[in-house]
Amino acid sequence: MTIDPQSLMLVTVIWNLQKLGYVFKIFAVGHGKARSIWENIGGRICPLSTEHQGLIDWSIFEGIIVDSLEAKVAISSVMQEPFCSVPLIWIIQEDSLSSRLPVYEQMGWEHIVSHWRSAFSRASVVVFPDFTYPMLYSELDTGNFFVIPGSPVDVWAAESYHKTHAKEQLRELSGFGKNDMLVLVVGSSVFFDDLSWDYAVAMHSVGPLLTRYARRNDATDSFKFVFLCGNSTDGYDDALQGVASRMGLRQGSIRHYGLNGDVNSVLLMADIILYGSAQEVQGFPPLLIRAMTFEIPVVVPDFSVLKKYIVDGVHGIFFSKHNPEALMNAFSLLLSNGRLSKFAQAIASSGRQLAKNVLALDCITGYARLLENVLNFPSDALLPGAVSQIQQGSWEWNLFQNEIDLSKIDSNRKVSIVYAVEHELASLNYSTSIVENGTEVPLQDELTQLDLDTLREIEISEENEMFEVEEAEERMEKGVSVWDDIYRNARKSEKLKFEVNERDEGELERTGQSVCIYEIYNGAGVWPFLHHGSLYRGLSLSRRAQRQTSDDVDAVGCLPLLNDTYYRDILCEMGGMFAIANRVDSIHRRPWIGFQSWRAAGRKVALSAKAENVLEETMQENFRGDVIYFWGRLDMDQSAIRNHNAISFWYMCDILNGGNCRIVFQDGFRQMYALPPHAEALPPMPEDGGYWSALHSWVMPTSSFLEFIMFSRMFVDSIDAKHRDSTKYSLCLLGSSEIEKKHCYCRVLELLINVWAYHSARKMVYINPNTGSMEEQHPIEQRKGFMWSKYFNFSLLKSMDEDLAEAADDGDHPREMWLWPMTGEVHWQGIYEREREERYRLKMDKKRKTKEKLFERMKYGYKQKSLGR
């Protein structure tokens, strides 16, 4: 939200990605002057604070872009299921954390390093704007570092510095004469402990140039060579002066400045910039961008990365590396009578124009290609345009022109999150210093040996005192405990046991309720979306993600099939419904039952308090009846469908399932009822403009629910059979992305209730989740002639269920991995008769034993043992 070069880079990238067809939702972790710019790009800005981050459904996004370390607050909310699979791109443009990593290593604070490494590992890709950053953050590298060169930070810094500093004044303060010709030799910006080999080679190449110009004694034509490298305190200056004396150069003709000083002042003072490094560079050197922005002519080696942007003789002059003669020729083109030539001035002017947007196009296209490789778009998404459509090659300076004032911008972005984490995680067992307001404040928290000895003496003294008290109590005579003491100890034990297995108040409040809505969830990241109270009860699809302080239902315990990750992922919420149906007698003993996916709350379509009251009152008045109340509409689930209100149900289903919903459904339907190939197997659905249920958010009578589960189990088994038995279904036809393949059946099963409710003549009522108003959808009177009632008849479904149960009971499995027996109860008349026979056999066996015992008593008599001796 601040006006700075990092914001300019991100605004430019997002602006151009929008032109390709990407749609962005922008969250802000702070406030700043750039808010109006972001609002023009992405509409309303949503605040992202610690309190709000747990109430965002990240699963509705195909990817997340996190900008800067300060936005780490958003990382913690996407590190838990089910959000940890959402692709995340983290852009790091600060070095604040990298400067603290050596301190953590020195102090032994491995836990802080691990904390940041864990945060970095959550990102699918960590993007840096320069190739030096991966080296600075190498300790946190988990194999996901990536560099997209390009940032306006160097142009921004140079322009800002140029507005407040004059070249002549800087030269005078540094001791340079007005007529001195300053030649600045620059190279790699990486710090070295000793004079690098890179500069040793540079001195060899520049040697003839120094010999020719730095030996001259003409006061009107004085050349000074300045080397910008390393640190100012590491002996560079002495080393360079030693080289100058051996070459016989004039005193003061060579000077050294360190990269840890005011680099901008050194660049601005120069007349000519010579890039003397012999090492091939991976990206455009930042020092060259700043020098060209200062409108200084540059002489550079013919590196391929530089030739990609700089035109020889237009933006700069090339020379062949390791060729002193070529360097001399290139240098001479810039001079005329000891001054800069007009050719040099023209090169400097063209170079300034180039530097302003030199890497903009590469940066934009780099992020576009990154999104293409990282994001997995669902089958119903409108794919963005190709990278080749990007034509813009400049930063969006015009978007900042009304708010920006280069002379007042603080280019050092303060990243408070680094020190906030440091304060939070710094252990008292360590001593260090924390930076506050730019000053290091030592923490006096190191335990000395004297402290440890004192602590040990206190522990020994307390232990001896405890033993003495216990021995004294054992020697004391105790009477028989009275009932009050026994009762008090029993209540104390019960209280401790309750605290260990504490349940929420909903367990008691649900007593006597006519309905219970089970909220299905599959990760700790969605706990904030779940409700509390008498109407709701959690249904966890994973034991690891189950809330410990609530009486949530363990779906895995009710249905062992869900312990298999493959089936849990492929069934989604339907697996939780199978689990409830499998234990309905012990878990749910109410006339009405409902379900609601956590996604309903995440997408703001969960029942409001007013709608809840209306629903409960309606069910109390209409205690009986085959009706289904739903509040999650299909068009609410997919924003892409909102503009197609007139399309049919099956067309919607095709959109959501890779275009193959009808094919898979009718093949599964034909398999389920053993229909001939020529028979129609796709149940007709009306185009009356009514709403259809989505997000598994509905309530119906418990008996109807069990009938729906009976139908669903057989249907799931049918499409699973086609999926396994046919080579055509070897891959998931219901989706193209990795997420859709992982949850292959989920979207079809989400819409299955509409087909069942419509054709089984259930009354379908839509309840507005906000107002509680109710409206019947697809009236039963209008369905006559369209319903396939014969296929959804309860007697037919029950007979089919018993046939499958008999086959499973006899071990006559139609295939190796038969899904149906694993999705719920297996019961048929033969099992009931066998259980009755078993009970009768046990009863007869008990009677026989009793008769034998009585016969023995009558035959041998019964002698009572004497009470005394």
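Solvent-accessible surface of protein heavy atoms, probed at 1.4 angstrom with all chains present, puts 747, 834 in the order 834, 747, largest first.
With a Förster radius of 60 Å applied to the C-beta separation of residue 834 and residue 780, the computed FRET efficiency comes to 0.90. I need the calculated FRET efficiency for the pair residue 425 and residue 458, taking r as the beta carbon distance and R₀ as 22 Å, to the nearest 0.05. So the FRET efficiency works out to roughly 0.20.
Placing R0 at 56 angstrom, the Cβ-Cβ distance between residue 789 and residue 39 gives a FRET efficiency of 0.55 after rounding to 0.05. With K and R counted +1 and D and E -1, the other residues having a Cβ less than 10 Å from that of residue 270 yield a net charge of +2. Pairs from the list 19/308; 25/356; 25/72 with a Cα-Cα gap above 21 Å: 19/308; 25/356. Sorting 749, 259 by solvent-accessible area of protein heavy atoms yields 259, 749, largest first, with a 1.4 Å probe. For the range 47-182, the solvent-accessible area works out to 41 Å² per residue, with a probe of 1.4 Å and every protein chain left in place. Within the accessible area of the range 828-868, the carbon and sulfur atoms contribute 55%, probe 1.4 Å, all protein chains present.
The listed residues 787, 844, 181, once ranked by accessible area (1.4 Å probe) with the largest placed first, stand as 844, 787, 181. If you take the square roots of the eigenvalues of the alpha-carbon gyration tensor of the range 569-614 and sort them as a ≥ b ≥ c, do you get rounded (a/c under 1.5), prolate (a/b over b/c) or oblate? Verdict is oblate for the range 569-614. Other residues lying with their Cβ under 15 Å from the Cβ of residue 44 contribute a combined charge of +2, Lys and Arg counting +1, Asp and Glu -1.
Classification of the range 501-822 by its C-alpha gyration tensor yields a rounded form. The axis ratio a/c (a ≥ b ≥ c) stays under 1.5.
Using heavy atoms of the protein chains and a probe of 1.4 Å, the accessible area assigned to residue 423 is about 90 Å².
The values are calculated or read from the model by the stated rules, or taken from the named source; none is laboratory data. Since this is a predicted model, take the numbers as computed values, not measurements. Please note: Cβ atoms are built from the backbone with ideal geometry, for glycine as well, and neighbour counts cover all protein chains shown. The area values use the complete protein model at the heavy-atom level, side chains included, leaving out ligands, DNA and RNA. Shrake-Rupley method; radii C 1.70, N 1.55, O 1.52, S 1.80 Å.
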